[in-house]
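Derivation of every value follows stated rules applied to the coordinates shown; laboratory data play no part. Just so it is clear, the structure is predicted and the values come from calculations on it, not from any experiment. Ideal geometry is used to build each Cβ from the backbone, glycine not excepted, and the neighbour counts take in all protein chains shown.
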Amino acid sequence: MRLKGLVAIFLVMMLSGMVSAKVWRVVGELHGRINVNGLPWTKAYQTRMNVNGKCSDLVMYTARYTEPVVDQIKLQLEMQGAKVQVRGSAEGVVGLARWPDCEAKFLVVSAPSQPTHFIFFTYPDPSFLQTKPKLKVPEYINGVLRNIVEDEDTRTVFASFDTNDPGSQIHLFYGKALRAKGWELVVPAVFQNGQASGVSVYQKNNDLCYVQVSERKGASNLISLLVKGGEL
């Protein structure tokens, strides 16, 4: 799977906490955006995406695992006058910074098995009107849309939904709905004792559709759809 497909997945992950603190001085003026001058971070990736119908810049950085990146982010954005909300754990954090005229969202992925943090920022463009996101496959009829991310350059769309329906019912719905629209099942989910696990993969011409359901105890289930061009 190409990097942009992975980026789309990271953007809609809901992780949960905090890490340790470090104080430093903001270098220069960069209203509404993180300023990495003076930080031992590496800029790894930048692109333009449509996030929930809003044209947005996406920037990805990496930093050493020992860096207290969450507090670096939080303190710097607060020094710019933002109200910052953070939730997560040592393994991953999602955050939102709000100013009167703009906002920034960030995601920190800190898997213990990796030597680096992966840090994602999305900056919605306040000058662009919000449009209705486009999804190439049917929305789940009993689901509530959480996020949708579009990259027109690579024809990649990622969407997530909340639902109370079981995974087997969801996979059966997409099997019927996608085949009716000309998609072919190439990798089936695993059905055992009335429950479904794994990912179903469908293909139509040069497009692929991945359907995954995460069943969660004590919470609604999560449907993840990834539609992209290219190969498995």
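General observations
- Sites matching chymotrypsin sites (Phe, Trp or Tyr not before Pro) across the stretch 67-129 that sit in DSSP coil, with at most 14 neighbouring C-beta atoms within 10 Å: Phe128
- Estimated vicinal HN-Hα couplings, Hz - the stretch 160-169 in sequence order (Karplus 6.51, -1.76, 1.60; Gly, Pro = x): 9, 9, 9, 7, 9, 6, x, x, 4, 5
- Label point at His31 placed 7 Å out along Cα→Cβ; residues across the stretch 87-112 whose backbone nitrogen lies under 20 Å: 97-105
- Cross-link partners of Lys83 among lysines, defined as those whose alpha carbon lies under 20 angstrom from its own and excluding same-chain residues fewer than eight positions apart: Lys22, Lys74, Lys105.
- For Ala82, no residue has an amide H sitting under 5 Å from its own, ignoring neighbours fewer than 5 places away on the same chain, with H placed 1.01 Å from N.
- Residues with amide H under 5 Å from that of Ala44, placed H, sequence gap 5 or more: Met60, Tyr61, Thr62
- Volume in Å³ per residue [convex hull over Cα atoms, computed for the stretch 38-115]: 112
- The residues packed around Lys83, meaning those with a beta-carbon under 12 Å from its beta-carbon, carry a net charge of 0 if Lys and Arg are +1 and Asp and Glu are -1.
- Other residues lying with their Cβ under 12 Å from the Cβ of Gly167 contribute a combined charge of -1, Lys and Arg counting +1, Asp and Glu -1.
- Charge tally for Asn205 (other residues, Cβ to Cβ under 12 Å; Lys, Arg +1; Asp, Glu -1): +2.
- Sparse packing (at most 15 other Cβ atoms within 10 Å of the Cβ) combined with a DSSP loop state is found for the following GluC sites (Glu not before Pro) in the stretch 47-116: Glu91.
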